[in-house]
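See structure below.
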Amino acid sequence: MSRVLSERRPPIAAAHLRTDAWWALPLAVVVVLSAFIVYSTWAALQNAHYFVPPYLSPFYSPCITESCLHLSFGVGLADFTFPVVGVLSPAFLILWGPGLFRLTCYYYRKAYYRSFWLAPVACAVRDVKSYTGETRFPLFLQNFHRYTWYLAVFFVVMLTWDAILAFRFPDGFGIGVGTLVMWVNVTLLAGYTFSCHSCRHVCGGHVDVFSEAETRYKVWRFLTRLNERHPMYAWLSLFSVGLTDLYIRLVSMGVIRDLRIL
Amino acid sequence: MPTYTMRVFRGDARRGDFREYHVETAEGMVVLDVIHRIQATQAHDLACRWNCKAGKCGSCSAEINGKPRLMCMTRMDTLAEGAPITVAPIRTFPLIRDLVTDVSYNYEKAKTVPPLRLKPPDPDGRYRMMQEDIDRIQEFHKCIECFLCQDVCHVIRDHDLKRQFAGPRFFIKIAALDMHPLDTRNRTEFAAREAGIGLCNITTCCTEVCPEGIHITDNGIIPMKERRADDYDPIVWLLRKFRGQRPEPA
């Protein structure tokens, strides 16, 4: 092995020889992810216009503190108050869950390792930083992605409940554009959550002899097909969750009117 | 017939540079054809390794316009005619000459992977497995050992962590053995401690360059990382208690 390691590589000085626009994709990822982080932080800080009957913004669901405009469980926890910022927006009690799920997601890891950490920025483009991969703190914690998946499943259940409540208008049953927006959002979020690599492993991928675990094999095959579209769900659900909040916010502010279909 | 300007690396590990060749091409030609034409007409001493010319032997790996690819599977009509086309040796391994590198690092790594350890045969002395048991690992057996995945992996290519890190080709080998229905070893400890799977940050370049279309990251590396995470998951530990213990460590 030492002989193999000691020999010399091709004497080519260029950091890369690529002629295509390899920088375009990482740049697009930086722009889109940064825009989402800025918008979601701003929306969470607002602590207003996140509920207009019967719609609740996904950024504030489940609504669990006393000051919530729409208590998800009927009763709420005491508000968290801090000296300078005052009452903490309930969104901050929630967003860390889905945030951690996306932060540790195998697909998003690829996206931000390439785009933000430049490790590497593109394939066969030189990466010159020191590197320890995911072997040390804090990146070692990425390996606990499945715990954040357990959390994400809880949030999908809550958002599904919110989407069911979105049929319950003050004057009775109905369907508005907002109802459809919320159902599209929860469908895409469920697609993202259940196409997760950890989900695929926990539900069947851990099995070595599939012929002795028929149900897990069928589940694994279904999740494998979903998993092939994981990047697509990752992006679509990111857009949908932001746009759902924006829609409800604009309706709540009176900027646009929610059309009743039924 | 279109004429291409080819910039081909010439030299050895001590010194070398790109030289330009103008080559007339015919319909259906691939980069390897063009390299052979340069050999035949302009540079008889140009060294290049090849064998099957059908994308199955994995010999003609090179970097074409900076992208790791098989020369025999890269059609000239997919490359822009106006600009020069660069053909370089795969840059991760020691250079022998021109486009030929020494990939024996990979063979040394292959020797370290614990082999299959079969469970006892059925009472009639035979081994049986069902198709659904091996569908998953047959994907990994498509590997032609072109080592393009090893070449593009930044852990080996840029950080030169060859001692600590086996590389994507061997992660799918480890995965194929670990998922084998007749195997009794647990290779998660080996994958973490000896093969250095924690060094992989799953940026999927290996999958992007694989000429066989093997989903190296999604189906090999990530499942092995998840199997390693099983070792620390109390829920999995409880389930294992109910279902019986995992096989002995490697």
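The values are calculated or read from the model by the stated rules, or taken from the named source; none is laboratory data. Please read all numbers here as calculations on a predicted model, not as lab measurements. In this analysis, Cβ positions are derived from the backbone assuming ideal geometry, glycine residues included, and neighbour counts consider all displayed protein chains.
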Check your understanding: From the set of residues in segment B:197-231 that are more than 7 Å from chain A (Cβ to nearest Cβ), in contact with a helix residue (DSSP H, G or I) (Cβ under 8 Å, 6 or more places away or on another chain) and not in a helix (DSSP H, G or I), which is nearest to B:His154 (Cα to Cα)?
Key -> B:Cys210
Check your understanding: How about segment A:82-129: which of its residues are under 20 Å from B:Arg91 (Cβ atoms) and part of a loop (DSSP other than H, G, I, E, B)?
Key -> A:Leu118, A:Ala119, A:Pro120, A:Val121, A:Ala122, A:Cys123, A:Ala124, A:Val125, A:Arg126, A:Asp127, A:Val128, A:Lys129
Check your understanding: Mind checking whether some residue in segment A:193-211 is hydroxyl-bearing (Ser, Thr, Tyr), over 16 Å from the mean Cα position of the chain (by Cα) and away from chain B (no Cβ under 12 Å)?
Key -> no
Exercise for review: Scan segment A:35-55 for residues that are outside any loop (DSSP other than H, G, I, E, B) and among the small types (Gly, Ala, Ser) and jot them down.
Suggested key: A:Ala35, A:Ser40, A:Ala43, A:Ala44
Revision key, fill the gap. When segment B:137-153 is checked residue by residue, the ones that are crowded, with 24+ Cβ neighbours inside 10 Å and either away from chain A (no Cβ under 14 Å) or more than 22 Å from B:Leu99 (Cβ to Cβ) (or both) are B:Cys146
Study note, to complete from the structure: Exception for A:Cys63 within (1) without any contact (Cβ under 8 Å) to a residue 60 or more places away in the chain; (2) assigned to a loop (DSSP other than H, G, I, E, B); (3) out of contact with any His (no Cβ under 7 Å at 6 or more places or on another chain) falls at (3)
Review point. Within segment B:122-131, can one find any residue that is among the polar types (S, T, N, Q), surrounded by 12 or more Cβ atoms within 10 Å (Cβ to Cβ) and either assigned to a loop (DSSP other than H, G, I, E, B) or at the interface with another protein chain (Cβ under 9 Å from one of its Cβ atoms) (or both)?
Key: no
Practice item. Go through B:Ala54, B:Ala88 for me and flag whichever is farther than 24 Å from B:Phe170 by Cα and under 19 Å from the mean Cα position of the chain (by Cα). Key: B:Ala88
**Study point:** Positions within segment A:232-261 being assigned to a loop (DSSP other than H, G, I, E, B) and farther than 22 Å from A:Thr160 by Cβ, in sequence order
**Key:** A:Gly254, A:Val255, A:Ile256, A:Arg257, A:Leu259
Exercise for review: Please specify each residue of segment B:91-118 satisfying the condition of being among the hydrophobic types (A, V, I, L, M, F, W, C), farther than 26 Å from A:Val125 by Cβ and under 21 Å from the mean Cα position of the chain (by Cα).
Suggested key: B:Ala110, B:Val113, B:Leu116
Check your understanding: Which ranges mark the helices (runs of 4 or more DSSP H) fully within segment A:134-231 that have 3 or more residues being touching a Pro at 6+ places or on another chain (Cβ under 9 Å) and at pLDDT 95 or above?
Key -> A:145-165, A:177-194
**Study point:** Where A:Pro10 falls short, out of the listed (1) modelled with pLDDT under 95; (2) surrounded by 19 or more Cβ atoms within 10 Å (Cβ to Cβ); (3) in a helix (DSSP H, G or I)
**Key:** (3)
Review point. Applying the selection to segment A:161-176, what residues are in contact with a helix residue (DSSP H, G or I) (Cβ under 8 Å, 6 or more places away or on another chain) and either of a type in the set (Phe, Trp, Tyr) or surrounded by fewer than 16 Cβ atoms within 10 Å (Cβ to Cβ) (or both)?
Key: A:Phe167
Practice item. Could you list all residues from segment A:125-166 that are touching a Leu at 6+ places or on another chain (Cβ under 8 Å) and within 8 Å of chain B (Cβ to nearest Cβ)? Key: A:Asp127, A:Tyr131, A:Thr132, A:Gly133, A:Glu134, A:Thr135
